[in-house]
Structures are given as C-alpha cells and as structure tokens.
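Working notes, structure below.
The values are calculated or read from the model by the stated rules, or taken from the named source; none is laboratory data. Please read all numbers here as calculations on a predicted model, not as lab measurements. Reconstructed Cβ throughout: ideal geometry from the backbone, glycine too, with neighbour counts over all protein chains shown.
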Amino acid sequence: MKKLLAPSLLSADFGKLTEQIEQVRRGGADLLHLDIMDGHFVPDITYGPPVIRSLAKSSSLPFDIHLMIEQPDQLIPHFITERTEMLTVHAEAAIHLQRTLRLIRSFNVKAGVALNPATPLSVLDYIWEDLDLILLMSVNPGYAGQSFIPSAQRKLVELVELKKRWKPDLIIAMDGGLDVERSGQLCQCGLDMVIAGSAIFAAEDLTARCLEFRHVIDAAI
Ligand code: DX5
Ligand code: ZN
C-alpha cells in the first residue's frame with residue numbers, strides 16, 4: 001500500500017488557498033485534510049459545507065475530511081462531494097458509531113474513526129468490519145501547532161499488530177504535531193498516512209517541505 005501525505009488546511013493562508021493547494025500538490029500531497037470543528041466537541045470553529053463545496057470545484061486533490069463535531073450523522077451528507085474520498089468521525093462523538101460508519105460507506109466514501117489520545121484501542125473491537133481508516137490523534141483535537149504526545153507512538157505499534165490480525169488493508173493515519181523527522185520514524189513503525197498542518201504551511205516553500213515529507217514517507221515503504 002502506498003503511504004499517503006495529507007496536508008491539513010487548518011494552517012494554510014486562506015487568502016492564498018488555491019495557490020497553496022497547488023503548491024502542496026506539486027510537492028506530492030495525496031489528499032487535502034479538512035478539519036471541521038463545531039465549537040462543542042472541540043473549542044474552536046472552522047468552516048463547513050459551503051466552503052467544502054467551493055473547494056471541491058477549485059481543488060484537484062481528493063478530500064480527507066476530519067469531523068470534530070457532535071452528532072455527526074445529520075451533517076455527514078453535506079460533506080459528500082465529488083472530491084470526498086475519506087470521511088472520519090470521532091469515536092467519542094458518535095454514539096451509534098457502527099451506524100455512522102455504515103452511513104459514510106453508503107456514499108462510497110472510506111469510513112474513518114478518529115481516537116483522541118486518551119481513548120483506548122478497545123473501542124474498535126466490534127467495528128472492524130465497518131471501517132476503512134483509523135486516525136490516531138497525537139494531540140488533543142482542536143488546534144494546529146500543538147506538541148506531539150509521545151504515547152501515540154506506542155498506540156500506533158499496538159494498532160499495527162491489530163491491523164495484521166483483523167484488517168490488513170486498514171489505513172492507519174496520525175494527526176497532530178507531526179514534523180518530517182517524526183513522520184519518517186512513525187512510517188517505519190507502520191503508519192500509512194501522515195497528516196501535517198503547521199509543519200507544512202509554516203514553511204517558506206510549501207512544495208519543498210512536502211517533498212521532504214514525501215522523501216521520508218516513501219523511504220519507509
Ligand atoms: C487538530 C487537527 C489537525 C491539525 C494538525 O485538531 O485535527 O489536523 O490541523 O495541525 P498540526 O500538524 O500543526 O498539529
Ligand atoms: Zn485533523
């Protein structure tokens with residue numbers, strides 16, 4: 001399986017969005033990671049379906065949508081566009097998680113479950129059949145630019161073992177505090193998808209920074 005790079009637009013300059021998306025695409029980004037926050041599940045608020053629909057028209061990259069919202073079921077249909085490839089909900093926010101995952105898959109979109117740093121992997125025990133992706137949060141969700149929480153690496157190693165047993169085609173993603181060096185180490189441990197915000201968009205040259213990520217990610221295959 002090719003390992004994936006998904007820049008998180010949360011740290012982008014929204015005044016130069018089209019330009020910056022093109023720059024990360026040229027640097028080898030596979031998807032755009034879009035963070036949706038509702039001011040309840042997480043303290044901050046970002047953007048919603050109208051922005052996503054407009055981005056779907058202008059962007060040439062597929063979307064990896066990370067819903068940090070309560071009661072996601074009612075809003076999920078609004079995030080389905082021709083670019084939506086993956087849609088992830090938080091296990092902590094979806095009360096009927098299996099139903100939510102089936103709803104996502106009903107749109108022919110990959111269904112993902114995100115786990116906060118303190119949420120154990122055991123919440124996955126009875127939903128292996130219904131998911132395509134697991135997003136391990138390596139910061140508490142809500143803001144870009146936070147420091148990586150070291151226990152996330154241990155969680156990744158445990159999840160890689162579970163993947164071998166239950167779902168060899170599972171995509172394991174990690175989000176929060178990832179820089180080039182750490183991404184390389186994590187990919188060596190079995191990470192399939194690197195999500196990075198500030199480490200990409202704070203760079204002077206976005207294309208060059210993405211190529212640095214690409215280099216360490218591909219070296220780990
Ligand atoms: C945080 C978001 C992340 C964020 C990552 O809640 O889910 O996607 O943009 O930003 P960095 O890479 O700066 O931690
Ligand atoms: Zn995210």
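Worth pointing out:
Here's the yes/no breakdown for (1) closer than 22 Å to LYS2 by Cα; (2) free of Cβ contacts under 8 Å to residues at least 12 places away in the same chain:
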position: HIS96; (1), (2): no, no
position: THR100; (1), (2): no, no
position: TYR143; (1), (2): no, no
position: LYS155; (1), (2): yes, no
position: GLU161; (1), (2): yes, yes
position: MET174; (1), (2): yes, no
position: VAL180; (1), (2): yes, no
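- Candidates are the residues of segment 102-129 that are of a type outside the set (Gly, Ala, Ser) and within 16 Å of ligand 1 (Cβ to nearest atom); the one that is surrounded by the most Cβ atoms within 10 Å (Cβ to Cβ) is VAL113.
- Checking ARG154 against (1) surrounded by 14 or more Cβ atoms within 10 Å (Cβ to Cβ); (2) closer than 17 Å to LEU191 by Cβ; (3) basic (Lys, Arg), the condition it does not meet: (1)
- Pairs are defined by a Cβ separation below 7 Å, a sequence spacing of at least 6 or placement on different chains, a first member in segment 1-23 that is basic (Lys, Arg) and modelled with pLDDT of 95 or more, and a second member that is surrounded by 20 or more Cβ atoms within 10 Å (Cβ to Cβ) and assigned to a helix (DSSP H, G or I); the pairs so defined are LYS3/CYS187; LYS3/ILE217.
- For segment 78-91, taking the residues that are of a type in the set (A, V, I, L, M) and surrounded by fewer than 24 Cβ atoms within 10 Å (Cβ to Cβ), the one that is nearest to ARG105 (Cα to Cα) is identified as ILE80.
- Residue pairs whose Cβ atoms lie under 7 Å apart, sitting 6 or more positions apart in sequence or on different chains, and linking a residue in segment 48-66 that is farther than 11 Å from GLU82 by Cα to a partner that is of a type in the set (Phe, Trp, Tyr) and surrounded by 20 or more Cβ atoms within 10 Å (Cβ to Cβ), are PRO49/PHE79; ILE65/PHE79.
- Some residue of segment 130-150 being modelled with pLDDT of 95 or more, away from ligand 2 (no atom under 16 Å from the Cβ), surrounded by fewer than 16 Cβ atoms within 10 Å (Cβ to Cβ) and not in a loop (DSSP other than H, G, I, E, B): no
- Against the criterion of being touching a strand residue (DSSP E or B) at 6+ places or on another chain (Cβ under 8 Å), away from ligand 1 (no atom under 16 Å from the Cβ), over 18 Å from SER198 (Cβ atoms) and touching a residue at least 24 places away in the same chain (Cβ under 8 Å), ILE76 qualifies.
- All of PHE79, PHE41 fail the test of being among the aromatic types (Phe, Trp, Tyr) and in contact with an Asp or Glu (Cβ under 6 Å, 6 or more places away or on another chain), apart from PHE41.
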